[in-house]
Amino acid sequence: MAIQTIPTQPFAGQRPGTSGLRKKVTVFTQPYYLENFVQALLDVLNASGADGQTLQGETLVLGGDGRFYNRTAVQVILKLAAANGVACVLLGRGGILSTPAASAVIRHRQAFGGIVLSASHNPGGAEGDFGIKYNAGNGGPANEALTEAVYARTQLVRELRISDASDIDIDRLGLQQLEQMQVEVIDPVADYAAVMRKLFDFEMLRGMFRRGFSLRVDAMNAVGGPYARAILEDELGAPAGTVVNAEPLEDFGGLHPDPNPVNADNLIAHMQRPDAPDFGAAMDGDADRNMVVGRNFVVAPSDSLALMTAYARLIPGYQDGLRGVARSMPTSAAVDRVAKAMGLPCFETPTGWKFFGNLLDAGRVSLCGEESYGTGSSHVREKDGLWAILFWLSLQGATGRSVETLVREHWRVYGRNYYTRHDYEGIAVDTANTLMADLRAALPALPGHCFGYRRVVLADDFSYADPVDGSVSGQQGIRLVFDDGARVIFRLSGTGTEGATLRLYLERYEADVTKQDQPVQQALTELAAVAEQVAGIRARTGMAGPTVAT
Ligand code: VG1
Ligand code: CO
């Protein structure tokens, strides 16, 4: 074995997006594409920051969602790490770690940071997507300053330092040696399960299953399967088969592992049957997203966050109350109403979990959520699919109420925020950029303008000043806020790998209980028409409507 220095050339476009660098597998498998990015990351981590810290002698955590190229990439990264001064890598067995589990391991083992291989909800397989992201020592996604530094470094990287040692056995638990570096293959579930045990009343949950409570969790052939099985079936006694599609497959069995009613249609169909289980849930590729479903009743993620906030004290891990809550800007304001009623601070951040990190670290918030089927808390620094499932399970156990009853009761008390997201996928990049630029240019004239009975009270491009470190992130989405609280928001996705995706977010508030039962799309038709009038999406894209509406 020897450490080699290999010349390389920079690749254009290795800029991490909302959640790491995501590209087609065909892009990632080009010679040195992955190597370059990882070398750039290690260079940045080694270029001692203000505190003089480098990777030398440190421990990194490594694992991924098991998609195609995961196993190969793990070996490459180990060899780069060994040649760049890392002392120890904690690797999930088989190269597996869900995103929340990686966060839990980093925190529990006090690692320097971790590398997570995932393109999350994006399709997998040889024709699908691959992704890589770096999480810092707090267990959370690297902040923008770091990802920008890595991107800058990818444009300069000319040399790879890599070991030529043979592959290690990633399926064998325990210690192995790679050059001067130790590789410890760990059980991917253990640290994570320990965190869950501390937060939830496992005895009560066991009792629920003993008394026949029925649950269906669709792991969508992705990484959440082993976690859900170990905790729900093996530990809490849910019947075998509670978790379906539980084996992580390299191509997710052809499923699009995005837990929304469109992609998790099989779960929705099950929950509509006369013999539907009491509770249903699905997770995404890396198990950080969740969709929760009652009998014939889907919970909107924004509502989920609001209910979790309202009921948090029923969960042992939050029985002393919450410090505050945070939601991404496009997420509905349902949680704001609860926070206000409870006297809790409520923060509005840009899209992407990395923006919650500082608030969580500073102890200013305890729960966070995004409209994109993501909820989480201070227990890790990522959103967490199985945690959300356990939370909702506990709410049903503690209150004896069904999912639908819980949500309807919530609407009765707080009102309902009708909410939808329309995705226009695969738009030409130029068309999307022009649309956003034109909207930006139109903003100053909008305040005071009326659309029907609604008057625009705020029209801006959302900019966020982090209350903890003062860093400012601009151009985070164009929002139109109306005098009745309704909102229309436009932004471009930062996770796609093909063309551009325009996301249109629509929200309006309904306090009247007799009007809280409309189909969501119908309830928001008027606002969709306003968005169309302002942005001309159809004329510009030639699309008759969104590709996905959830
Ligand atoms: C999307 C979601 C965002 C989420 C991000 C990563 O980003 O909108 O809320 O944080 O995915 O989630 P974008 O830029 O495409 O809108 V995951 O589960 O894909 O890591
Ligand atoms: Co995800």
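The values are calculated or read from the model by the stated rules, or taken from the named source; none is laboratory data. The structure displayed is predicted, hence computed values, not measured ones. Using ideal geometry, Cβ is built from the backbone for each residue, glycine included, and neighbour counts are taken over all protein chains shown. Keep in mind that these areas ignore ligands, DNA and RNA; they rest on the heavy atoms of the full protein, side chains included. Shrake-Rupley method; radii C 1.70, N 1.55, O 1.52, S 1.80 Å.
Miscellaneous remarks
- Taking (1) within 24 Å of residue 8 (Cα to Cα); (2) within 17 Å of the chain's Cα centre (by Cα) in turn, residue 74 satisfies each apart from (2).
- Residue in the stretch 263-278 that is of a type outside the set (Asp, Glu), within 16 Å of ligand 2 (Cβ to nearest atom) and crowded, with 24+ Cβ neighbours inside 10 Å present: yes
Residue by residue, here is whether (1) among the hydrophobic types (A, V, I, L, M, F, W, C); (2) over 20 Å from residue 437 (Cα atoms); (3) outside the structural domain of residue 263 (by TED's automatic domain parsing) holds:
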site	(1), (2), (3)
504	yes, no, yes
509	no, yes, yes
513	yes, yes, yes
516	no, yes, yes
521	no, yes, yes
532	no, no, yes
536	no, no, yes
540	no, no, yes
543	yes, no, yes
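- Selection count where residues are farther than 25 Å from residue 230 by Cβ and within 14 Å of ligand 2 (Cβ to nearest atom), scope the stretch 83-127: 2
- Selection over the stretch 435-451 of residues that are in contact with a strand residue (DSSP E or B) (Cβ under 8 Å, 6 or more places away or on another chain) and charged (D, E, K, R) gives a count of 1.
- Selection count, the stretch 383-397, where residues are open to solvent by less than 10 Å² (accessible area, probe 1.4 Å) and among the basic types (Lys, Arg): 0
- Verdict on residue 405 being in the same structural domain as residue 525 (by TED's automatic domain parsing) and away from ligand 1 (no atom under 12 Å from the Cβ): no
- Restricting the stretch 11-29 to residues that are in a loop (DSSP other than H, G, I, E, B) and within 17 Å of the chain's Cα centre (by Cα), the residue that is farthest from ligand 1 (Cβ to nearest atom): 16
- Entirely in the stretch 171-257, the strands (runs of 3 or more DSSP E) that have 2 or more residues that are within 20 Å of the chain's Cα centre (by Cα): 215-218
- Considering each residue of the stretch 398-408 in turn, at least one proves to be more than 16 Å from residue 299 (Cβ to Cβ), open to solvent by 10 Å² or more (accessible area, probe 1.4 Å) and touching a residue at least 60 places away in the same chain (Cβ under 8 Å).
- Failed item, numbered, when residue 141 is tested on (1) within 15 Å of ligand 2 (Cβ to nearest atom); (2) surrounded by fewer than 24 Cβ atoms within 10 Å (Cβ to Cβ): (2)
- For the stretch 125-138, a residue qualifies if it is crowded, with 24+ Cβ neighbours inside 10 Å and touching a Leu at 6+ places or on another chain (Cβ under 8 Å), and the qualifying residues are 130, 131, 133.
- Against the test of being modelled with pLDDT of 95 or more and assigned by TED's automatic domain parsing to the domain that holds residue 70, the options 183, 223 yield a single qualifying residue, 183.
- Which numbered condition residue 374 fails, given (1) open to solvent by 40 Å² or more (accessible area, probe 1.4 Å); (2) within 16 Å of ligand 2 (Cβ to nearest atom): (1)
- Hey, residue 380 aliphatic (A, V, I, L, M), away from ligand 2 (no atom under 16 Å from the Cβ), out of contact with any His (no Cβ under 9 Å at 6 or more places or on another chain) and open to solvent by less than 10 Å² (accessible area, probe 1.4 Å) or not: no
- Of all the criteria given as (1) more than 16 Å from ligand 1 (Cβ to nearest atom); (2) modelled with pLDDT of 95 or more; (3) of a type outside the set (A, V, I, L, M, F, W, C), the one not satisfied by residue 501 is (1).
- Restricted to the stretch 446-477, and to residues there that are under 23 Å from the mean Cα position of the chain (by Cα) and among the aliphatic types (A, V, I, L, M), the residue that is most open to solvent (accessible area, probe 1.4 Å) is 472.
- Positions within the stretch 308-337 being surrounded by fewer than 24 Cβ atoms within 10 Å (Cβ to Cβ) and under 16 Å from residue 418 (Cα atoms), in sequence order: 329, 333, 336, 337
- Within the stretch 153-163, tally of residues that are touching a strand residue (DSSP E or B) at 6+ places or on another chain (Cβ under 6 Å) and either hydroxyl-bearing (Ser, Thr, Tyr) or open to solvent by 80 Å² or more (accessible area, probe 1.4 Å) (or both): 2
- Of 326, 334, 281, all but one fail to be within 16 Å of ligand 2 (Cβ to nearest atom) and touching a Leu at 6+ places or on another chain (Cβ under 9 Å); the exception is 281.
- Some residue of the stretch 278-290 being out of contact with any helix residue (DSSP H, G or I) (no Cβ under 9 Å at 6 or more places or on another chain), acidic (Asp, Glu) and under 24 Å from residue 65 (Cα atoms): no
- Among the residues of the stretch 71-94, those that are out of contact with any Gly (no Cβ under 6 Å at 6 or more places or on another chain) and not in a helix (DSSP H, G or I) comprise 84, 85, 86, 88, 89, 90, 91, 93, 94.
- Test for residue 53: is it open to solvent by 10 Å² or more (accessible area, probe 1.4 Å) and either outside any helix (DSSP H, G or I) or in contact (Cβ under 8 Å) with a residue 40 or more places away in the chain (or both): yes
Here's the yes/no breakdown for (1) modelled with pLDDT of 95 or more; (2) on the phi < 0 side of the Ramachandran plot; (3) away from ligand 1 (no atom under 16 Å from the Cβ):
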residue: 335; (1), (2), (3): yes, yes, no
residue: 341; (1), (2), (3): yes, yes, yes
residue: 347; (1), (2), (3): yes, yes, no
residue: 351; (1), (2), (3): yes, yes, no
residue: 356; (1), (2), (3): yes, yes, no
residue: 363; (1), (2), (3): yes, no, yes
residue: 371; (1), (2), (3): yes, yes, no
residue: 377; (1), (2), (3): yes, yes, no
